[in-house]
Amino acid sequence: MLRDLFKSDRLCLTGKYEEDAEVMALWSEDSEYLRNVDTDFAAPLPASVFQDSDERDLSHVSFRIRLLEDKRLIGFGAIHSIEWGNGIGVLSIGIGQTKDRGQGYGTEALNLLLQYAFLELNLHRVGLDVISYNKSAIRLYENAGFVEEGRIREAVYRDNQRYDRIYMGLFRKEWLKK
């Protein structure tokens, strides 16, 4: 029997639901969230920004992360910048509300996204970047098998301080050993 690519014990990966844009717009009002998932300046955004196009883009696969029991939206995940000829892609993930962080949802969602990237998309390598002050994300990625491959020093400016942008990667063969 084939494994379910979109479900774990507590979570499921889905496409967008009509009401998702409103929830994600509320997340954009949380500066801690914005400053952890993006290197751009933090600014609240309207719901219209989160209404994805229905056009299929073969270099990008995006998911909404939901609780399995009630389908409540708790985050997003994506494999983007896919280069099919090279078998590589870039992973993005975020858990929206503070109350949902630290519950192990990030670990479960990351595992689902990596399973999808390596077993369904047949990618050879998945990369990501993370800001050096986001220690919990760095631990999450290291625990999943990602290794630091480089950094851009002082690339992110926050509260009158400079932080490194860390680049990490994981090969399918490394992930399969875990």
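Among the residues making up region 13-36, those that are open to solvent by less than 60 Å² (accessible area, probe 1.4 Å) and either without any contact (Cβ under 8 Å) to a residue 60 or more places away in the chain or assigned to a loop (DSSP other than H, G, I, E, B) (or both) are Thr14, Gly15, Asp20, Ala21, Ala25, Ser28, Asp30, Leu34.
Determine, yes or no, whether Phe6 is open to solvent by less than 70 Å² (accessible area, probe 1.4 Å) and more than 17 Å from Val126 (Cβ to Cβ). So Phe6 fails the test.
Quickly run through region 46-61 and pick out the residues that are more than 16 Å from Ser92 (Cβ to Cβ) and either in contact with a strand residue (DSSP E or B) (Cβ under 8 Å, 6 or more places away or on another chain) or surrounded by 13 or more Cβ atoms within 10 Å (Cβ to Cβ) (or both).
Across region 46-61, the qualifying residues are Ala47, Gln51, Leu58.
The values are calculated or read from the model by the stated rules, or taken from the named source; none is laboratory data. Everything numeric in this text was worked out from a predicted model, so none of it was measured. Using ideal geometry, Cβ is built from the backbone for each residue, glycine included, and neighbour counts are taken over all protein chains shown. Only protein heavy atoms, including side chains, enter the accessible area calculation; ligands, DNA and RNA are left aside. Shrake-Rupley method; radii C 1.70, N 1.55, O 1.52, S 1.80 Å.
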